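Heads up: the structure comes next, in C-alpha cells.
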Amino acid sequence: MEIEIIEMAERKAKFILKNSSPAMANALRRTMMSDIPKMAIDKVEFHLGTIEVDDKEYESATPLFDEIIAHRLGMVPVPTDLDLFTFQDQCVCNGDGCPNCTIMYSLNEHGPGTVMSGNMVPLGNPELKVKDEFIPIVELTEDQAVLIYAIAVMGTAKQHVKWQVTSGVGYKYLPIIEIDPKRASTEAALNAIKVCPKNVFGIEDGKLVVENLIECIHCKSCMESVNKDGSIVVKGDDKNFLFTFETDGSLTAEQTLNKAMEILSTKAADISEQLAQLE
C-alpha cells in the first residue's frame with residue numbers, strides 16, 4: 001500500500017491510495033472519521049449570581065439555556081498536541097486532571113455584544129487559544145454577563161461527534177479510461193471533450209487523449225457521446241483510490257493522515273499477534 005499526495009493544505013488534503021483494496025480504503029476512511037483522538041470541551045462550569053466589572057454589576061444570565069451554551073462550547077475546535085496530551089484514564093494523574101490530559105479555558109464577557117469563541121482564554125499556555133475566533137456562542141444584552149470555566153479533555157468520535165477531527169471524508173475508485181487508438185480521431189470520439197463536465201480530455205496530434213484523469217467522476221457521458229461503440233471505456237480501478245478530506249483545525253491534515261495510518265498499523269499488528277497466539 002502506498003500513498004501519493006496530490007494536495008496537502010493545513011485543513012484539507014487529497015491523495016491517492018495505491019496498490020490497496022476496497023476493504024483497506026474503507027478501513028482508512030472509518031479510522032479518519034472515528035478513531036483520531038483530539039481535545040474537546042467536556043465539562044463547563046457557570047458562575048451563578050451577579051458579576052462585577054468596573055464597579056458595575058451584571059446579571060449572570062443569557063437568552064440561552066446553559067446546556068445550549070455548553071453544547072456550543074463543546075463543538076468549538078480545540079488545538080490538539082498529540083505528543084503532549086493523553087486520555088484522562090491513561091494519564092499519570094489517574095483522571096484527576098492535569099496539564100497532560102486537560103486544558104482549562106475561561107470565558108468572562110459582558111454585554112452588550114456577541115460572545116465569540118475567540119473570547120475563550122486558555123489558562124496556562126497561550127498557544128492553546130482556539131484558531132477559529134469568530135464562532136458565535138451567545139448574544140448578551142446590556143445588563144448581562146457570563147463567567148464560565150470550560151475543561152477540554154481528549155476523546156474520539158466514537159464517544160461523541162465533538163471529538164471528530166475530520167469532515168467530508170470520501171474516496172472513489174481511480175478511473176481507468178481506455179480510448180481505442182483506431183477511433184481516437186473520429187468526430188464521435190472528439191465530441192467527448194464537449195460532453196465531459198470535468199474537462200478530462202484534450203486533443204494531441206488530432207486525437208483524443210486523457211489529460212486530467214483524477215478529475216473524472218465516472219459519469220460516462222463520454223461513452224454515451226460515442227454511441228457506446230467501444231471507442232471510449234470508463235471503469236473503476238479497485239486497487240487505487242482517490243481520497244479527499246478536511247479537518248476542523250484541531251489537527252492539521254498531515255497530522256490527521258499520519259495518525260490514521262499509525263492507528264491502522266497498530267491494529268494490524270495486534271491482529272497478527274492474536275492470530276499467531278491461536279496457532
So for region 28-35 (the condition being touching a residue at least 40 places away in the same chain (Cβ under 8 Å) and in a loop (DSSP other than H, G, I, E, B)), does at least one residue qualify? yes
Just to verify a result, which residue in region 9-39, among those that are among the hydroxyl-bearing types (Ser, Thr, Tyr) and more than 26 Å from Asn100 (Cβ to Cβ), is surrounded by the fewest Cβ atoms within 10 Å (Cβ to Cβ)? Ser21
For region 137-159, indicate whether the set of residues that are without any contact (Cβ under 8 Å) to a residue 40 or more places away in the chain and under 32 Å from the mean Cα position of the chain (by Cα) is non-empty. yes
Failed condition for Asp42, given (1) in a strand (DSSP E or B); (2) over 18 Å from Gly155 (Cβ atoms): (2)
Please go through (1) free of Cβ contacts under 8 Å to residues at least 40 places away in the same chain; (2) over 18 Å from Tyr149 (Cα atoms); (3) assigned to a strand (DSSP E or B) for Glu52 and return the number of the only condition it doesn't satisfy. (2)
Any idea which residue in region 60-96 is farthest from Pro37 (Cα to Cα), counting only those that are small (Gly, Ala, Ser) and under 27 Å from the mean Cα position of the chain (by Cα)? Ala70
Considering every residue within region 1-15, establish whether at least one is assigned to a loop (DSSP other than H, G, I, E, B) and more than 30 Å from Leu213 (Cβ to Cβ). no
Among the residues of region 124-134, are any buried (at least 16 other Cβ atoms within 10 Å of the Cβ) and either among the acidic types (Asp, Glu) or under 21 Å from the mean Cα position of the chain (by Cα) (or both)? yes
If we scan region 75-92, do we find a residue that is among the aromatic types (Phe, Trp, Tyr), surrounded by 13 or more Cβ atoms within 10 Å (Cβ to Cβ), in the same structural domain as Asn125 (by TED's automatic domain parsing) and within 26 Å of Phe134 (Cβ to Cβ)? yes
Tell me which strands (runs of 3 or more DSSP E) are completely within region 160-265 and hold 2 or more residues being under 36 Å from the mean Cα position of the chain (by Cα) and either within 30 Å of Lys43 (Cα to Cα) or modelled with pLDDT under 90 (or both), or say none if there are none. 166-179, 232-247
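The values are calculated or read from the model by the stated rules, or taken from the named source; none is laboratory data. This one's a predicted model, so the numbers in the text were calculated from it and none came from an experiment. So basically every Cβ, Gly included, is an ideal-geometry build from the backbone, and we count neighbours across all protein chains shown.
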